1. Exactly one of (1) more than 30 Å from ALA146 (Cα to Cα); (2) open to solvent by 70 Å² or more (accessible area, probe 1.4 Å); (3) at pLDDT 95 or above is unmet by GLY51. Its number?
2. Give ALA168, ALA146, ALA174 a once-over and let me know the one that is over 26 Å from PRO61 (Cβ atoms) and touching a strand residue (DSSP E or B) at 6+ places or on another chain (Cβ under 7 Å).
3. Please state which one of SER136, SER162 is in contact (Cβ under 8 Å) with a residue 12 or more places away in the chain, outside any helix (DSSP H, G or I) and closer than 22 Å to LEU49 by Cβ.
4. Quick one: in the range 67-101, of everything that is touching a strand residue (DSSP E or B) at 6+ places or on another chain (Cβ under 8 Å) and part of a helix (DSSP H, G or I), which residue is surrounded by the fewest Cβ atoms within 10 Å (Cβ to Cβ)?
5. Of the residues that sit in the range 208-232 and are closer than 30 Å to ILE141 by Cβ and charged (D, E, K, R), which one is surrounded by the most Cβ atoms within 10 Å (Cβ to Cβ)?
6. Could you identify the single residue in PRO7, PRO13, PRO22, PRO2 that is surrounded by fewer than 20 Cβ atoms within 10 Å (Cβ to Cβ) and within 28 Å of THR165 (Cβ to Cβ)?
7. Can you report the number of residues in the range 177-199 which are modelled with pLDDT of 95 or more and out of contact with any strand residue (DSSP E or B) (no Cβ under 7 Å at 6 or more places or on another chain)?
8. Does the range 195-232 hold any residues that are among the polar types (S, T, N, Q) and not in a loop (DSSP other than H, G, I, E, B), and which are they?
Amino acid sequence: MPALLEPDTPFPPLEQALEDPPGLLAVGADLSIERLRAAYAHGIFPWYLPGEPILWWSPDPRMVLFTDRFSPSHSLRKKLRQVERDPAIEVRVDTAFDDVMRACAAPRSDERPATWITLPMQRAYRLWHRQGQVHSVETWIDGELAGGLYGVCLGRMFYGESMFTRVADGSKIALAYLVRFLLRHGVEMIDCQQDTRHLASLGGATIARAEFERLIVKFTRMPELPWRSGRLRHDGEIVDLDAPHAAADPG
């Protein structure tokens with residue numbers, strides 16, 4: 001039986017998470033920023049469908065992507081070289097967070113019309129974004145939002161939440177540039193939450209929950225990253241949107 005949370009009830013130890021369904025730890029409470037921050041700092045995330053109570057999860061093992069093991073395919077590497085040369089393609093940070101969340105929440109198919117990114121979840125993460133700990137990385141092509149992702153960043157720890165794409169490789173480009181930004185600032189790991197073939201193809205791997213918990217205790221206590229709204233260059237630096245493009249970029 002998962003723990004039942006009241007507004008002032010702390011999360012139970014991760015070892016109490018159920019084996020069936022795998023990783024379910026607790027039910028209830030709210031989506032306040034304080035509750036969400038406490039959850040992520042302990043390796044816990046909310047995931048539930050409309051009409052359900054808030055469900056809190058901590059799976060074992062945990063899917064992660066170590067930034068120095070990011071492994072784009074040959075075709076994606078070719079695409080990334082094109083992005084560096086083509087000023088019509090930009091990767092931006094925090095310029096369209098609400099649009100990214102809505103795109104991630106949109107139904108993926110007629111067979112999967114429901115979304116776990118419920119309206120209360122969207123409101124909660126938008127508010128947290130305004131407080132500076134939730135961020136979007138966006139791929140823009142000819143001035144149109146073509147793909148992207150959003151996630152939570154505490155200290156030197158990034159927790160990936162969701163991705164979407166409207167063109168081939170739109171979300172993968174955003175992920176590749178996010179990895180470059182994180183590597184530039186000494187971030188070693190991205191939490192991917194669930195084990196998927198897609199993430200494994202990019203270098204993701206599973207680690208034991210106990211090891212994940214040990215690492216996030218270390219990483220979340222480190223200084224915050226220099227996030228700001230702007231264009232993300234291929235060297236991992238965020239610059240103003242009107243800064244020179246690839247032709248003037250070093251490298």
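The values are calculated or read from the model by the stated rules, or taken from the named source; none is laboratory data. No experiment lies behind these values; they were computed from the predicted model shown. Here the Cβ is made from the backbone with ideal geometry for all residues, glycine too, and neighbour counts use every protein chain on show. These area figures cover heavy atoms from the full protein model, side chains too; ligands, DNA and RNA do not enter into them. Shrake-Rupley method; radii C 1.70, N 1.55, O 1.52, S 1.80 Å.
1. Condition not satisfied by GLY51: (3).
2. Answer to the check: ALA146.
3. That would be SER162, the only listed residue that is in contact (Cβ under 8 Å) with a residue 12 or more places away in the chain, outside any helix (DSSP H, G or I) and closer than 22 Å to LEU49 by Cβ.
4. GLN82
5. So the residue we want is ARG231.
6. PRO22
7. Result for the range 177-199: 6.
8. Scanning the range 195-232 gives SER201, THR206.
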